[in-house]
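Down below is the structure, laid out as structure tokens.
Taken together, the values in this text are just the output of simple stated rules run on the coordinates, not laboratory data. Treat the numbers as computed from the prediction; the structure is a model and nothing was measured. A quick note on method: Cβ atoms are made from the backbone with ideal geometry, for glycine too, and the neighbour counts reach across all protein chains shown.
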Amino acid sequence: MERKMSHLTESDRLRIEHGLQIRMSFQQIAQELGKARATIQREVQKHRVTSTKGAPGRITNRCIYRRNCDTWHLCEGRRCHRRCSACAICNNVCPRFQEEICRKLSKTPYVCNGCTDQSKCVLKKQFYVSSSAESDYRQLLVASRNGVNLTEAEQAVISKTIYAGTQNGQSVHHIMTSNKDSFTVCEKTVYRYINAGIIRTRRGDMPRSCSMKPRKQKAVEHKVDTKCRLNRTYHDFEKYRKEHPDLPVVEMDSVIGKIGGKVLLTMNFNNCTLMLAFLRDSNNSQSVIDVFNMLEESLTIEVFQALFPVILTDNGSEFSNPRALEISPFSGKERTKIFYCNPYSSWQKGHVENNHLNLRKIIPKGRNLENFTQEDINIVVSHINSLARRSLNDVSAGKLFEELYGKEVLNKLGIEIILENTVCLLPDLINK
């Protein structure tokens with residue numbers, strides 16, 4: 001049978017699920033659908049979902065020691081059974097607990113669909129569910145079509161070429177015709193990027209642009225990774241928080257000064273309301289990555305992981321390269337987890353938004369940040385973090401952070417405790 005190279009359809013996924021249920025092999029399913037065997041295997045492995053359901057009439061105990069365990073009295077408020085296998089809750093309290101993984105899941109078909117042992121197995125299971133697989137596929141399609149179809153390097157080359165040409169009065173059409181090798185997008189797309197501010201030039205630099213009214217269109221953002229939100233949505237954040245309730249959360253945002261100029265990266269520790277701010281020359285993803293790398297070098301990765309285990313931010317293009325933020329370039333280890341708020345839902349990171357109110361008392365909205373230095377910004381946030389907070393029982397965020405993480409860490413972050421009577425939240429604090 002001739003193989004079709006198109007993507008799997010919803011009907012194909014239903015047939016895959018049915019085939020697995022009646023114990024068909026990947027090869028048999030592939031032949032029935034006219035696909036490659038590897039396509040079916042990848043589909044099943046990529047979209048299988050975990051199930052914690054046990055077996056009727058059996059204790060759901062997944063410890064590898066359950067058959068020979070003789071530990072007693074692990075569960076508070078009751079007497080444990082002599083054998084671990086007769087206890088339904090010891091997995092949650094036993095320090096020796098080690099989960100047993102079904103060996104069948106490491107070989108074809110990699111899922112429990114059609115397994116004859118389902119009715120008596122208490123181990124965690126993996127299933128291929130066509131509806132779930134189709135939903136994941138649709139989400140991937142939507143995410144892959146968002147944003148700008150340019151890398152940062154391509155954006156820089158096109159921006160430089162367009163800017164140089166417009167300074168000589170050249171039209172965009174002339175520039176693109178004369179520099180065909182520099183462009184990977186069409187002329188209409190270039191105009192869209194210019195109007196959105198993604199390509200560096202001004203509409204006034206282009207012939208006839210001043211006499212034409214800009215068209216109303218949806219804003220365009222340059223996403224470094226168009227799939228950055230996959231498995232990092234606010235729903236995923238809430239799920240991760242339930243699984244790891246003890247991990248502190250840091251909210252992250254950008255504060256714009258004068259449009260096109262320097263910007264601030266702000267980070268708010270929700271457990272003590274301490275805020276950090278870092279001056280960046282431009283509002284792009286690399287500037288955020290540079291801040292993360294600088295912090296890791298200054299603090300060590302162990303301290304970084306303790307301070308920033310979970311970060312919640314918005315959907316700005318400067319945060320659209322999450323893998324570069326999550327993974328250390330020095331050791332290759334995971335240093336944090338990035339999650340995104342829902343679009344137009346700034347209230348979901350309300351802690352940092354509220355702290356911005358104090359920041360704006362010193363640096364009003366629209367104020368040019370070009371003459372500021374990082375030392376100036378450190379002074380600003382030091383005063384903000386030295387403010388007595390009613391929500392902290394009249395203790396400042398700086399003092400609470402010092403109790404939690406130590407004075408040495410506070411100093412490395414550039415924060416100092418300001419005397420109560422000298423705290424200032426007015427623009428006069430930084431007279432530049």
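Just a few scattered comments:
- Folded to 0 to 90 degrees: helix 374-385 orientation relative to the chain principal axis, Cα: 60 degrees
- Amide H contacts of Val249 (H built 1.01 Å from N, in plane; Pro and chain starts excluded): Asn270, Asn271 sit under 5 Å, all sequence-distant by 5 or more or on other chains.
- The stretch between Asn342 and Asn371, if pulled fully straight at 0.36 nm per residue, gains 7.0 nm over its current Cα-Cα span.
- The stretch 243-353 shape via C-alpha gyration tensor axes, a/c threshold 1.5: oblate
- Distance histogram in 10 Å bins (all Cα pairs of the chain, percent per bin): 4, 15, 20, 21, 19, 13, 6, 2, 0
- Semi-axis lengths, largest first, of the ellipsoid equivalent to the stretch 94-183 are 57, 16, 11 Å, with √(5λ) applied to each eigenvalue of the Cα gyration tensor.
- For the stretch 183-199, putting each phi into the Karplus relation 6.51 cos²θ - 1.76 cosθ + 1.60 with θ = phi - 60° gives couplings of 10, 10, 10, 7, 5, 4, 5, 4, 4, 4, 5, 5, 5, 8, x, 7, 9 Hz, in residue order, rounded to whole numbers and with x for Gly and Pro.
- For the chain, the mean residue ellipticity at 222 nm estimated from helices alone is -10500 deg cm²/dmol, where every DSSP H run of n ≥ 4 contributes -39500 (n - 2.57) and the total is divided by all residues, rounded to the nearest 500.
- Cβ-based net charge around Ser254, under 9 Å, with every Lys or Arg adding one and every Asp or Glu removing one: -2
- Taking a Cβ cut-off of under 15 Å around Asn411, the surrounding Lys, Arg, Asp and Glu residues balance to a net charge of -2, with basic ones at +1 and acidic ones at -1.
- Between the stretch 100-123 and the stretch 19-73, the Cα center-to-center distance that results, in Å: 4 Å
- Over the stretch 234-429, the reciprocal of the mean inverse Cα-Cα separation, the Kirkwood hydrodynamic radius, stands at 17.1 Å.
- Order by protection proxy (mean Cβ within 10 Å, highest first), peptides 295-306, 175-186: 295-306, 175-186
- Relative to the longest principal axis of the Cα atoms of the chain, helix 130-144 runs at roughly 10 degrees.
- The length gained by stretching the chain between Thr189 and Ala388 to full extension, at 0.36 nm per residue less their Cα-Cα distance, is 66.5 nm.
- DSSP beta bridge pairing in the chain, given as percent antiparallel to the nearest 5: 75 percent
- Virtual paramagnetic centre 7 Å along Cα→Cβ of Asn92, amide N under 16 Å, in the stretch 236-256: 242-246
- Neighbours of Ser51 by Cβ distance under 11 Å: Lys/Arg scored +1, Asp/Glu scored -1, total +4.
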